[in-house]
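The values are calculated or read from the model by the stated rules, or taken from the named source; none is laboratory data. Keep in mind it's a predicted model, so treat the numbers as computed, not measured. Neighbour counts are summed over all protein chains in view; Cβ atoms, including those assigned to glycine, are modelled from backbone coordinates with ideal geometry. The area values use the complete protein model at the heavy-atom level, side chains included, leaving out ligands, DNA and RNA. Shrake-Rupley method; radii C 1.70, N 1.55, O 1.52, S 1.80 Å.
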Amino acid sequence: MKSQVSGKRVSKKKALNRTRPVFFIMAFFVFAMSAQQSKQPPPANAPGSEYKIPPEDAAKTNPVRPSAESLAKGKKLYGYDCAMCHGKDGDGKGDMGSDMKNMPDFTRHDTLKSRTDGELFYITRNGKGEDMPPEGDRARDEDVWNMVNYVRSLAKK
């Protein structure tokens, strides 16, 4: 039995022989792409993975004294970078954070009592999970320490 392909009479066998390499090339690419996706490691601190702060970072001490100047600088940066989720008063009721699970309330005395300043610095600098983006290199170390001082002060009000 013959079929019509591009104006010429070609047997089904010849038509199949022409499409077979295309099929194998497509199958190879699909396989290669799926294999590549399975080789990618999960991102650090991905959901479901345990969030760990390196002990040397947790042990860091805050070199910035919590003076009025430090608190004012920390409050300013907090307003730009943190208040949208954590709330302007640190109560965890910011516009973007109100729907998030486990949003800490910094106004409660027990919220941060088990956290070191080094841990707060690390979390601020590197982020935590998908919900809290990292400050990264946008702020100097002194600025992040000022924010740590300010966040600590929220529970004392």
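Check segment 138-149 and report whether any residue there is open to solvent by 50 Å² or more (accessible area, probe 1.4 Å), modelled with pLDDT under 90 and under 17 Å from the mean Cα position of the chain (by Cα).
yes
Does T116 satisfy the condition of being over 22 Å from E56 (Cα atoms), open to solvent by 30 Å² or more (accessible area, probe 1.4 Å) and among the β-branched types (V, I, T)?
Criteria not met by T116.
Within segment 97-107, is there a residue that is open to solvent by less than 50 Å² (accessible area, probe 1.4 Å) and closer than 24 Å to E56 by Cβ?
Checking segment 97-107: at least one residue is open to solvent by less than 50 Å² (accessible area, probe 1.4 Å) and closer than 24 Å to E56 by Cβ.
For residues in segment 64-82 being within 27 Å of the chain's Cα centre (by Cα) and open to solvent by 100 Å² or more (accessible area, probe 1.4 Å), which is modelled with the lowest pLDDT?
Among them, the one singled out is Y80.
Any idea which of (1) at pLDDT 95 or above; (2) open to solvent by less than 80 Å² (accessible area, probe 1.4 Å); (3) over 21 Å from the mean Cα position of the chain (by Cα) is the one F121 doesn't satisfy?
Going through (1) at pLDDT 95 or above; (2) open to solvent by less than 80 Å² (accessible area, probe 1.4 Å); (3) over 21 Å from the mean Cα position of the chain (by Cα) one by one, F121 breaks only (3).
Of the residues M147, M103, which single one is hydrophobic (A, V, I, L, M, F, W, C) and not in a loop (DSSP other than H, G, I, E, B)?
One residue alone meets the criteria, M147.
Within segment 29-41, does at least one residue satisfy the condition of being out of contact with any helix residue (DSSP H, G or I) (no Cβ under 8 Å at 6 or more places or on another chain), at pLDDT below 65, at negative phi and not in a helix (DSSP H, G or I)?
yes
Kindly indicate which of G97, G118, G79 is in a loop (DSSP other than H, G, I, E, B) and of a type in the set (G, A, S).
G97
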